[in-house]
Amino acid sequence: MDLSYTPQEEEFRARLRAWLAAVLPSLAARPHPDDWPGRRAYDTAWQRMLYDAGYAGLHWPVDAGGRGATPAQHLIFLEETERAGAPYVGANFVGLLHAGPTIAAEGTAEQRARWLPPVLRGDEIWCQGFSEPDAGSDLAALRTRAVRDGDHYVVSGSKIWTSHAEVADWCELLVRTDPAAPRHRGISWLAMEMDTPGVTVRPLRTLAGSTEFAEMFLDEVRVPVANRVGAENDGWRVTMVTLSFERGTAFVGEVVACRRTLDALAAEARADGRWDDPVLRRRLGRLNAEFRALWRLTQWNVGEAGRGGVVGTGGSVFKLRYSQARQELYEAAAEVLGADSADLDREWVLDRLSSLSYTIAAGTSQIQRNIVAERLLGLPKGR
Amino acid sequence: MDFQLSDDQRALRAGVRELLAGRFGRDRMRADLDAGAGLDRTLWRELARAGFFALRLPEAEGGVGLGLPEAVLLFEEAGAALLPGPLVATQLAAGAVKGAAEGEAVVTAWEPGRPVAHLDGADALLVPGSEGAAVLRDAGRARESAVPVRSLDPFTPLWRVTNPPEVGEQVSDGGRLRTEGALLTAAEQLGSAARTTDMAVQHAGAREQFGSPIGSFQAVKHLCAEMLVRAELARSAVYAAAVTADPVEIAGAKLLADEAAVRNARDCLQVHGGMGFTWESDVHLHLKRAWLRAGWWMTAEAAEEVLATDLC
């Protein structure tokens with residue numbers, strides 16, 4: 001059990017820290033959460049800065065254009081960028097954490113050359129076309145059809161909860177290419193250009209009042225067969241590659257962010273005298289234990305993956321606890337804010353609302369418990 | 001950075017597991033329970049010969065020369081096996097109390113306001129204070145004024161000591177002993193939490209109701225999944241705290257391990273249904289010990305205060 005970093009890793013940290021200190025002051029002001037073109041411009045500009053400095057695709061394999069960094073370096077990167085208050089991956093999320101790694105793992109040389117460099121440079125934005133109105137956590141129930149017509153697929157159906165759809169250039173799309181096959185077979189993974197005729201995007205308004213994601217309607221959209229990643233009808237397996245990334249590493253930076261928020265809450269409570277309330281104080285202390293342990297669990301999971309373990313299931317353990325802890329953090333924030341918790345312009349109030357999505361998105365907590373029980377504990381499948 | 005067990009650590013854990021399975025397996029444990037057996041000095045010496053108490057003493061002093069991470073693995077196995085006795089206090093006192101490292105002397109701990117465990121079988125009392133730590137070489141003096149308590153845990157005899165023992169010879173930094181005691185106790189809690197998870201999963205896979213194993217029902221499945229989540233979060237916290245020996249991290253580890261041990265034992269009992277409520281089931285033994293340990297070395301309240309003070 002070794003939590004120390006090598007001199008090379010410490011040197012990497014020092015260089016990154018110095019670079020962040022030099023470039024962050026030059027960044028433009030963060031756009032309003034509902035200003036999607038503004039958010040796209042902001043996020044892609046940050047990605048370009050990372051690319052120019054050699055930090056883009058840090059954990060991607062070298063032959064995919066990445067830096068082939070060690071897991072420890074990746075953790076250092078996430079820790080330091082968050083600590084410095086650098087922008088989130090934002091609109092680049094799907095490209096960098098889902099579609100990109102999937103193409104890197106499963107795509108042909110041609111596909112990798114076409115799609116990966118623009119993601120790393122921040123030139124192209126991807127969105128995720130997985131969920132459907134009648135297939136949320138039950139992803140294999142998806143019904144969007146793709147019928148072969150020469151060297152094209154003709155795609156019809158609808159998708160929902162598609163983040164960044166309004167500003168995306170590409171969509172990683174799951175379609176049913178063989179309706180007669182069993183649910184998990186007969187699915188294919190396509191890269192669809194968002195300005196193809198027949199694609200309609202309609203923003204959805206969240207309970208937080210923002211347009212965080214969208215519905216997408218597909219009406220006889222023609223997608224080249226050459227845009228299929230992996231074999232026809234093998235899209236489920238291809239997708240599982242992507243989802244293990246999502247649960248394994250997607251929230252790592254956020255844990256660091258939560259620890260910062262917790263410190264800020266304590267400072268606020270001290271400033272207004274609420275710190276003398278032992279119930280509140282101890283509640284914040286308990287959350288400190290929680291987020292410290294979640295950071296350690298991340299390091300444990302990364303160590304396990306490095307030894308050939310599976311990030312996906314360890315990721316389910318992490319996600320179950322993290323999504324709960326995040327909600328508890330913002331409940332505590334509301335207590336610190338007191339009457340101000342009714343003011344949407346106060347810091348943390350919007351976060352309290354958006355934290356509600358964490359036990360739902362990327363597989364609900366109920367689905368995660370099934371995964372943990374069946375795949376990690378070996379309990380029998382339910383009927 | 002490689003936050004995983006090393007090959008040596010895996011081997012050590014496997015060795016301890018094997019030793020405990022051979023010398024204090026379930027049949028032996030239940031036989032001791034029925035007999036109301038006290039502390040077994042023979043077993044105590046065997047544990048000592050395996051390095052249980054001298055583990056962290058330097059090799060020059062006859063110890064094994066290992067550190068907190070290895071000690072945590074040992075205590076995790078002890079917790080899983082329900083091994084009784086003042087294991088934590090004796091290891092902390094090894095090197096300071098003559099014979100403790102060799103298993104000849106049994107050392108228990110005295111904490112203000114709490115009954116003392118295994119006072120009848122102890123040779124010395126360790127009194128960890130925030131300033132300094134002291135050892136009363138003779139537990140007999142404390143026994144003179146002690147009143148037996150009918151203990152919640154049948155494996156842990158308790159005594160109420162009305163006159164706190166006088167502070168004797170200072171042996172070590174009291175703050176360090178306190179945090180190390182909390183960490184080793186947390187490791188026992190972790191072992192218990194992992195064991196009750198295994199017990200629940202085993203039962204849920206075997207027990208059939210309504211024509212199916214009860215583990216196929218989501219309500220039961222989700223209880224088991226949450227048990228694993230609690231145990232694994234506690235594991236990361238305990239192991240990391242053993243590596244850093246950071247007092248705040250140790251407080252977090254104790255808090256989460258206490259919670260995992262107590263709540264997992266309760267959920268394990270629920271999964272076992274009526275069977276879980278019987279004396280024949282081991283679940284109550286884990287729950288009772290977990291409750292006691294939660295009060296030892298560092299309570300939830302104390303841990304939360306340490307963790308709160310660390311903020312901002």
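At a Förster radius of 60 Å, what calculated FRET efficiency corresponds to the Cβ-Cβ distance of B:Asp8 and A:Ala334, to the nearest 0.05? Before the final figure, lay out each step's value.
Details: r = 48 Å, r/R0 = 0.80.
Plugging the Cβ-Cβ distance into 1/(1 + (r/R0)^6) gives 0.80.
Using a Förster radius of 22 Å, what is the FRET efficiency between A:Ala181 and B:Gln218 based on their Cβ-Cβ separation? Nearest 0.05, please. Before the final figure, lay out each step's value.
On the way: r = 27 Å, r/R0 = 1.24.
Rounded to the nearest 0.05, the efficiency is 0.20.
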Please name which of A:Ala141, A:Thr102, A:Val279 has its Cα lying farthest along the dipole of the protein assembly as shown towards the positive end, using unit charges on Cβ (Lys, Arg +1; Asp, Glu -1) and the Cα centre as origin.
A:Ala141
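With only Lys, Arg, Asp and Glu charged, each at its Cβ (+1 for the first two, -1 for the last two), find how big the charge dipole of the protein assembly as shown is about the Cα centre; round to the nearest 20 debye. Before the final figure, lay out each step's value.
Values: 76 positive and 94 negative charges, 260 e Å.
With only Lys, Arg, Asp and Glu charged at Cβ, the dipole is about 1240 debye.
Share of Cα-Cα pairs in region A:52-124 beyond 18 Å, in percent?
So the pairs more than 18 Å apart make up 37 percent of the total in region A:52-124.
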How many nm is it between the label spots at B:Glu61 and A:Asp138, if each spot is 7 Å from the Cα in line with the beta carbon?
6.4
Just tell me the longest site-free run in chain B, where the sites are GluC sites (Glu not before Pro) in a DSSP loop having at most 15 other beta-carbon atoms within 10 Å.
B:167-279
Separation in nanometres of the label points that stand 7 Å from Cα toward Cβ, at A:Arg148 and A:Ile367:
2.9
Just going by the charge dipole of the protein assembly as shown, with Lys and Arg at +1 and Asp and Glu at -1 on Cβ, which of B:Gly62, B:Leu125, B:Ala219 is farthest out on the positive end?
B:Ala219
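Normalized C-alpha radius of gyration of the protein assembly as shown, against 2.2 N^0.38 Å?
Working: Rg = 28.2 Å, N = 695, 2.2 N^0.38 = 26.4 Å.
Normalised Rg, Cα atoms only: 1.07.
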Among B:Thr197, B:Ala231, B:Gly181 the positive-end extreme of the charge dipole of region B:176-238 (Cβ point charges):
B:Gly181
Could you work out how much longer the chain between B:Glu18 and B:Arg176 gets when fully extended? Use 0.36 nm per residue separation minus the Cα distance between them, nm to one decimal.
53.8 nm
Could you tell me what fraction of 2.2 N^0.38 Å the Cα radius of gyration of chain B comes to, as a two-decimal ratio?
0.99
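Keeping all protein chains in place and using 1.4 angstrom, which order do A:Tyr153, A:Tyr42, A:Tyr51, A:Tyr88 fall into by accessible surface area, from largest down? Please report the intermediate quantities before stating the final value.
Values: A:Tyr153 0, A:Tyr42 30, A:Tyr51 90, A:Tyr88 120 Å².
Largest to smallest exposure gives the sequence A:Tyr88, A:Tyr51, A:Tyr42, A:Tyr153.
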How much accessible area does A:Ile360 have with a 1.4 Å probe, in Å² rounded to the nearest 10?
110
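The values are calculated or read from the model by the stated rules, or taken from the named source; none is laboratory data. Note that the structure is a prediction, hence the values are computed from the model and not measured. A quick note on method: Cβ atoms are made from the backbone with ideal geometry, for glycine too, and the neighbour counts reach across all protein chains shown. The area values use the complete protein model at the heavy-atom level, side chains included, leaving out ligands, DNA and RNA. Shrake-Rupley method; radii C 1.70, N 1.55, O 1.52, S 1.80 Å.
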